[in-house]
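Engineer: One structure follows; several queries about it will come next.
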Amino acid sequence: MLPKAKMQEAFQPGATPVQPGKRRFLCYNMLGSITTVDHDGYSHIEIDFHDTGSSPRVPSMTDHFGFTMAALNENGSVFANPCKGEKNMSTLMYRPFSSWASNSEWSMRFEGEEVKVVALGASWVAAVTSFNYLRIFTEGGMQRHVISLDGPVVTASGFKDKLAVVTHASDCLSSNDQVGSAFMESVVSDTGTSSVVLEFKLFNITHGTQPLRGRLPITPGSSLSWFGFSEEGQLCSYDSKGVLRLYTSQFGGSWFPVFSAFKEKKTDENYWMVGLNTNKLVCVVCKKPEFFPQVVPKPILTLMNLAFPLATSDLGSEALENEFMMNSMHLFE
């Protein structure tokens, strides 16, 4: 009998864990952040943008639902809370930043169903639930699509027309790695530990298509810790071992490792992923043993160079090789 691994629970990219009595991030991305802190019977939510000059000023919100997840983009913010008994159903709420109507926010309630992950795009709102339903809404609150997914959700992220979702593709398998695949044989390892199978899907909400679907590779023995898009719209993932991967259409569709914390970090540092652009990874450097930042003091963003985890070369040309590989990848895209 092999021990059964615990499947990774659903999480929001850019969120930090609950800390009693402390303000936490419901969302932190390249645009701004959403924070919350519990009071007696309610929560206080604030939305802040990194660029205060050109971004709208959003008033703080009193939260009586107990929202535990959120997403943020240029158009608005979406919130959701888990089910807390029959009297407090799981609720999804969308707040636009600018609208022709003064009272344009809307909400949805789910009886016997629980929202696990939320995401936002150019003109749509998405929620993945405990029924393995992907629910798509318009910005105005109209219900557009309800799609059944293959397994429980791990996370999701939106960018313009694109929605990317990561799910568990099967129950735990017998191996030493947590890897992603829609089809994979069980392999019994000498260690007798288990692995989890993950799968990603990329939807185009506007066109109603699914351009990509397949395995989500992560480092052996790790879990997925961040998932989203670069500022240019390239799909990427970051695992708990500190490896960042970009999806490229090269070689029939492949994931390239373009950053390794093992190569970069000092012995007393952990990197908390925020986002990335063509050449730089944006993160918050946390001093060990911390894995995530606090709301106060305000996190300081650090830029890290993207670099392939190349082997040590006797020729001493690793920098030139890395530059050539990176430019080739961007040129191909």
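Engineer: Take the residues in the stretch 139-162 that are open to solvent by 30 Å² or more (accessible area, probe 1.4 Å) and of a type in the set (S, T, N, Q), then tell me which one is nearest to L72 (Cα to Cα).
Structural biologist: So the first thing to find is which residues in the stretch 139-162 are open to solvent by 30 Å² or more (accessible area, probe 1.4 Å), and the list is 139-140, 142-148, 150, 152, 159-162.
Subset that is of a type in the set (S, T, N, Q): 143, 148.
Working: Q143: 20, S148: 24 Å.
Result: Q143.
Engineer: Looking only at residues that are modelled with pLDDT of 95 or more and not in a strand (DSSP E or B) in the stretch 114-134, which one is nearest to P96 (Cα to Cα)?
Structural biologist: The selected residue is G121.
Engineer: Answer with yes or no whether T312 is among the β-branched types (V, I, T), outside the structural domain of K201 (by the TED database) and in contact (Cβ under 8 Å) with a residue 12 or more places away in the chain. Steps first, please.
Structural biologist: Numbers: among the β-branched types (V, I, T): yes; outside the structural domain of K201 (by the TED database): yes; in contact (Cβ under 8 Å) with a residue 12 or more places away in the chain: no.
No.
Engineer: Name the pairs: first residue in the stretch 289-309 and among the charged types (D, E, K, R), second residue open to solvent by less than 40 Å² (accessible area, probe 1.4 Å), Cβ to Cβ under 8 Å, at least 6 apart or on different chains?
Structural biologist: E290/N270
Engineer: Please work out if S107 is out of contact with any Asp or Glu (no Cβ under 9 Å at 6 or more places or on another chain), under 17 Å from C27 (Cβ atoms) and either among the acidic types (D, E) or assigned to a strand (DSSP E or B) (or both). Please lay out each step first, then the result.
Structural biologist: Numbers: out of contact with any Asp or Glu (no Cβ under 9 Å at 6 or more places or on another chain): yes; under 17 Å from C27 (Cβ atoms): no; either among the acidic types (D, E) or assigned to a strand (DSSP E or B) (or both): yes.
For S107, the condition - out of contact with any Asp or Glu (no Cβ under 9 Å at 6 or more places or on another chain), under 17 Å from C27 (Cβ atoms) and either among the acidic types (D, E) or assigned to a strand (DSSP E or B) (or both) - is not met.
Engineer: Scan the stretch 231-254 for residues that are surrounded by fewer than 20 Cβ atoms within 10 Å (Cβ to Cβ) and closer than 30 Å to N204 by Cβ and jot them down.
Structural biologist: Within the stretch 231-254, E231, E232, G233, Q234, S240, T248, S249, Q250, F251, G252, G253, S254 qualify.
Engineer: May I ask you to verify whether M30 is among the hydrophobic types (A, V, I, L, M, F, W, C), assigned by the TED database to the domain that holds F131 and under 24 Å from V284 (Cα atoms)? Working first, answer last.
Structural biologist: Numbers: among the hydrophobic types (A, V, I, L, M, F, W, C): yes; assigned by the TED database to the domain that holds F131: yes; under 24 Å from V284 (Cα atoms): yes.
Yes: the conditions hold for M30.
Engineer: Take the residues of the stretch 277-315 that are charged (D, E, K, R) and not in a loop (DSSP other than H, G, I, E, B): which is least open to solvent (accessible area, probe 1.4 Å)?
Structural biologist: Among those residues, the one meeting the criterion is K280.
Engineer: Check off (1) aliphatic (A, V, I, L, M); (2) surrounded by fewer than 17 Cβ atoms within 10 Å (Cβ to Cβ); (3) free of Cβ contacts under 8 Å to residues at least 24 places away in the same chain for L212 and give me the number that stays unchecked.
Structural biologist: (3) is the only condition that L212 fails.
Engineer: Additional query: Among the residues of the stretch 245-301, write down those that are within 18 Å of L224 (Cα to Cα) and over 20 Å from the mean Cα position of the chain (by Cα).
Structural biologist: F262
The values are calculated or read from the model by the stated rules, or taken from the named source; none is laboratory data. Bear in mind that the values here come from a model prediction, so they are computed numbers and not experimental data. For neighbour counting, all protein chains shown are included, and Cβ atoms are generated from backbone atoms with ideal geometry for every residue, glycine included. Accessible surface areas use protein heavy atoms only, side chains included; no ligands, DNA or RNA. Shrake-Rupley method; radii C 1.70, N 1.55, O 1.52, S 1.80 Å.
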